[in-house]
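See below for the structure under consideration.
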Amino acid sequence: MLILTRKKGQSIIINDEIEIIISAVEGDQVKVGINAPKHMKIYRKEVVEAIEQSNKEAISSAVTMDLLKNLIKSE
């Protein structure tokens, strides 16, 4: 992991395509702006993790429903 120190108004360039800009620092919060090509997906990590968890639960639920349907059919 690379750790950098930046001040308000300073930025970081990633792979000549993505610019991370520090737009404000207020107490323990840092506001970050991201300039990237439109085809790149940018999500907050907690949103991605919530979607992944929801998908896992849905798959588990679908498997359980299939098992119940098979049990009912076999009776």
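The values are calculated or read from the model by the stated rules, or taken from the named source; none is laboratory data. This structure is a prediction, so every number in the text was calculated from the model and none was measured. Quick reminder, even Gly has a Cβ in these numbers, built from the backbone with ideal geometry, and neighbours come from all protein chains shown. SASA here: full protein model, heavy atoms, side chains in, ligands and nucleic acids out. Shrake-Rupley method; radii C 1.70, N 1.55, O 1.52, S 1.80 Å.
Is there a residue being surrounded by 11 or more Cβ atoms within 10 Å (Cβ to Cβ), among the hydrophobic types (A, V, I, L, M, F, W, C), assigned to a loop (DSSP other than H, G, I, E, B) and at pLDDT 95 or above anywhere in the stretch 36-56? Within the stretch 36-56, one or more residues are surrounded by 11 or more Cβ atoms within 10 Å (Cβ to Cβ), among the hydrophobic types (A, V, I, L, M, F, W, C), assigned to a loop (DSSP other than H, G, I, E, B) and at pLDDT 95 or above.
Within the stretch 12-32, residues that are free of Cβ contacts under 8 Å to residues at least 12 places away in the same chain sit with their Cβ atoms under 9 Å from residues that are loosely packed, with under 11 Cβ neighbours inside 10 Å and part of a loop (DSSP other than H, G, I, E, B), at 6+ positions apart or across chains, in these pairs: I12/L4.
Which of the residues spanning the stretch 17-35 are open to solvent by 60 Å² or more (accessible area, probe 1.4 Å), part of a strand (DSSP E or B) and charged (D, E, K, R)? The answer is E26, K31.
Among the residues of the stretch 1-13, what is the count of those that are in a strand (DSSP E or B) and either open to solvent by 80 Å² or more (accessible area, probe 1.4 Å) or modelled with pLDDT under 95 (or both)? Matching residues across the stretch 1-13 total 1.
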